[in-house]
1. For A:Pro32, indicate whether it is surrounded by 22 or more Cβ atoms within 10 Å (Cβ to Cβ), touching a strand residue (DSSP E or B) at 6+ places or on another chain (Cβ under 8 Å) and of a type outside the set (A, V, I, L, M, F, W, C).
2. In region B:49-70, what residues are farther than 15 Å from B:Ile296 by Cβ and open to solvent by 20 Å² or more (accessible area, probe 1.4 Å)?
3. Go through region A:204-240 residue by residue and tally those that are of a type in the set (A, V, I, L, M), under 27 Å from A:Ala162 (Cβ atoms) and under 25 Å from the mean Cα position of the chain (by Cα).
4. For region B:87-202, give me every one of the helices (runs of 4 or more DSSP H) that falls completely inside it and has 3 or more residues that are more than 10 Å from chain A (Cβ to nearest Cβ) and closer than 24 Å to B:Met69 by Cβ.
5. Just to be sure I understand, how many residues within region A:203-248 are part of a loop (DSSP other than H, G, I, E, B) and not charged (D, E, K, R)?
6. Would you please name the residue that is farthest from A:Ser107 (Cα to Cα), looking only at residues in region A:283-320 that are assigned to a loop (DSSP other than H, G, I, E, B) and open to solvent by 40 Å² or more (accessible area, probe 1.4 Å)?
7. Out of region B:321-332, which residues are closer than 20 Å to B:Phe93 by Cα and part of a loop (DSSP other than H, G, I, E, B)?
8. Check A:Ala319 against each of (1) touching a residue at least 12 places away in the same chain (Cβ under 8 Å); (2) away from chain B (no Cβ under 14 Å); (3) not polar (S, T, N, Q) and name the one condition it does not meet.
Protein chains: 2
Amino acid sequence: MSMSDDQALHSPRAWEAPLTSLDKGVPTLAEPIALKDVAAQRWNLLAEDLPLPAAILRESALRNNSGWMRGFLEGADADIAPHGKTSMAPALFDLQIADGAWAITVSTPQHFAVACAFGYRRIFMANQLIGRRNIRDVLGALKTSPEVEFFCLIDDIDNAAALAASVRECGSGRRLNVLVELGYHGGRTGCRTAEAALTAARAVAAEADALCLAGIEGFEGLLYNDGAPEVVAQVNALLDGMVSVAEGADTEGLFGSDEVLLSAGGSAYYDIVANRLAETRLTRPKRVLIRSGCYITHDSYMYVRARAALARRDPALAATGGLQAALEVWAYVQSRPEREKAIVAFGKRDASHDDPPLALKWFRPGLHAEPQAVPAGHEVVRLNDQHCHLRVPVDSPLRTGDMLGFGISHPCLTFDKWRVMHLVDDGYRVTGSIRTYF
Amino acid sequence: MSMSDDQALHSPRAWEAPLTSLDKGVPTLAEPIALKDVAAQRWNLLAEDLPLPAAILRESALRNNSGWMRGFLEGADADIAPHGKTSMAPALFDLQIADGAWAITVSTPQHFAVACAFGYRRIFMANQLIGRRNIRDVLGALKTSPEVEFFCLIDDIDNAAALAASVRECGSGRRLNVLVELGYHGGRTGCRTAEAALTAARAVAAEADALCLAGIEGFEGLLYNDGAPEVVAQVNALLDGMVSVAEGADTEGLFGSDEVLLSAGGSAYYDIVANRLAETRLTRPKRVLIRSGCYITHDSYMYVRARAALARRDPALAATGGLQAALEVWAYVQSRPEREKAIVAFGKRDASHDDPPLALKWFRPGLHAEPQAVPAGHEVVRLNDQHCHLRVPVDSPLRTGDMLGFGISHPCLTFDKWRVMHLVDDGYRVTGSIRTYF
């Protein structure tokens, strides 16, 4: 792609809704502001130009992360179809495409519709396609947009038959690309054994007028990501199974595509995935496709741990650079009702809360020139919908009106809390705003 | 208000964004559809006209709940400022106003901006107003919209002084109405003692050119809502404290308004709140204001328990009728990978998850004429972002492609997962769509 990272992050579509005062994190405006005109407002978070809570993305961290992943993939001989469901933010998809992403991964037909509307040409739906309207809408889009290449999963012969019937009924003359999903006992979707997956692959091949068996897929992302040896063994077992299914399907001549996709998802074990799947021996070309979504923003907890595990198992890879947390949620101290408690004006509607947000940065307007590290002992102990209960030391300097910057765990469940996020430079000057489409 | 419930639910503003295929729960459309034109599409959930997951609101339940609350308030001599933050759906605010709501409650300056944009004239922000831009935006709106009556909270004399300074600087010539918030130890915001609250009230009265002490406020909604006697005692202690602060402020002549507001929030104890606050003895008129938000949709778990507790403490009130769960999330069975597991295609991005959703209704297209009760033994055991892990009995009839209707716990954290929800009649015919503004 010829687009620079800078252009990619700052190329909103002209038809995207402008910012208005209805949007959380956007100040009251005399007139709506087109996304392309946001930088010209010269807002600065630290000058209190934004109403809080507001979610920001540090541009330097986004570019660092995107660049690191590009380098990793060059070394690994793998491609990425970054999981778009993480952010549902086309500005970030653009950055990922500019850095060489082979496709955009999505999770649902609505995500697919968004990706189509924004003009992405290769879309990987890492899910089964189920339901009359969902199937009809996806097949309809593929019929009217022949330039869009699409892939989805199956784990069930009945689903293969149903999809094939829908494809014939749709009459687009295009086959639907499907990958058979291998799962594992206790996991999520996916065939539970390699034999069941091969059976599904044969069912797809038997519908060769309507379906094209394009690869084998698995999802290791639910396996606990602390990198413990027994978990890595589970990840490897799944990957071994995928290799076995792929080699078996190849031997039986079941694949319908010139190139076989071998793809596994998740943001914790992509190094293992890329290495193991590369060993698959097939009679036709293969493409190893990882689908990490969270690397682009990284986070301040869950993926910090996953990254530490990666560094333990592959110090050389970790030495190529680190991922940086790009996403922060900023909010005001709203009340200091008890000596050891501060209430901060954000909550479950603003940040992921499976793991609590981390109070990282402290800024007092009028006093500080730049954000300070939050002193030790400040801990989020409870989130309500719109409030955060922060336990503080008795000598905490925090007072009402202070600004706090929180790091989050698990970007996916923070992105979906925001319709607008602001891009900032390292001085917290707003360089643009991006929309999400959940 | 002269508007009927029917008109209220079906009066979208002409400027609201039409439905497009970018919206979750909306089918692929040849052209965007204005909200007012949705009913004419004659979509039916059970005919699979909608892509799933989709969130629906049963109109009959909304009307039942709105009507029940109207009756309760007539009997209790109290008013309601329903908490708009529950739904952030102006269509529901309209229904609540049509049924006599005195004001709309909001939680944040962004909510306030939304309520202003939709033309509500009396807005109660049940929170402190903190931060330069937040304060400036709210005061600016009040300056340009003199018809809007606004109230917010303080719990801190420094905040009173800061707000007063901002009011003077804004130069609107309008005083800002504030209520002093009483809290309780271990709670959220609010002064921790009646004496501290009186001190805050005096600080407000001392800024009488800029601030108007308009009432006393508390929030009992965080107290565990199972109605246990010790919890009810805590609720009563807070209410007793509010009465004491109000009577003390009245004796000292601190109130600046003709009418004193006495308001407490929450959707579990409003009967206790209304009764206790009505006993306050003041030298000027008072208005008791409850702020329940969740009654309008009710739910299938958390508020079912709260309602059962209400029925135990006030059987006569409960005998006046029940609240009905209006909000359901529908999704497809996506995979049946193990005998005792079904994966359903919705997740944490579609439903509140502090308590798991409940699989209530089952519908197989082509087989059923109407939704069936889900047989016993089907239980949500885990939610991922986009997937639900449903434990099922070994003889479960569920298969891939079946539709399931889930009841949810805590409507606030389900509403914010949807930009569009569909109104349906009892036959699941779509009678309109509403937008939320989070």
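The values are calculated or read from the model by the stated rules, or taken from the named source; none is laboratory data. Everything numeric in this text was worked out from a predicted model, so none of it was measured. When we count neighbours, we look across all protein chains shown, and the Cβ atoms used for this are built from the backbone with ideal geometry, even at glycine. Just the protein is used for accessible areas: all its heavy atoms, side chains included, with ligands, DNA and RNA removed. Shrake-Rupley method; radii C 1.70, N 1.55, O 1.52, S 1.80 Å.
1. no
2. B:Asp49 - this is the single residue of region B:49-70 that is farther than 15 Å from B:Ile296 by Cβ and open to solvent by 20 Å² or more (accessible area, probe 1.4 Å).
3. Final tally of qualifying residues: 4.
4. Where helices (runs of 4 or more DSSP H) fall fully within region B:87-202 and carry at least 3 residues being more than 10 Å from chain A (Cβ to nearest Cβ) and closer than 24 Å to B:Met69 by Cβ, they are B:90-98.
5. 11
6. Taking region A:283-320 first, the residues assigned to a loop (DSSP other than H, G, I, E, B) are A:283-285, A:291-293, A:297-301, A:314, A:319-320.
With the extra rule that they be open to solvent by 40 Å² or more (accessible area, probe 1.4 Å), the set shrinks to A:283-285, A:301, A:314, A:319-320.
On the way: A:Thr283: 30, A:Arg284: 28, A:Pro285: 26, A:Tyr301: 24, A:Asp314: 30, A:Ala319: 32, A:Thr320: 31 Å.
Ranking the candidates gives A:Ala319 first.
7. Once the filter is applied, which keeps residues that are closer than 20 Å to B:Phe93 by Cα and part of a loop (DSSP other than H, G, I, E, B), region B:321-332 yields B:Leu323, B:Gln324, B:Ala325, B:Ala326.
8. Of everything listed in (1) touching a residue at least 12 places away in the same chain (Cβ under 8 Å); (2) away from chain B (no Cβ under 14 Å); (3) not polar (S, T, N, Q), A:Ala319 misses just condition (1).
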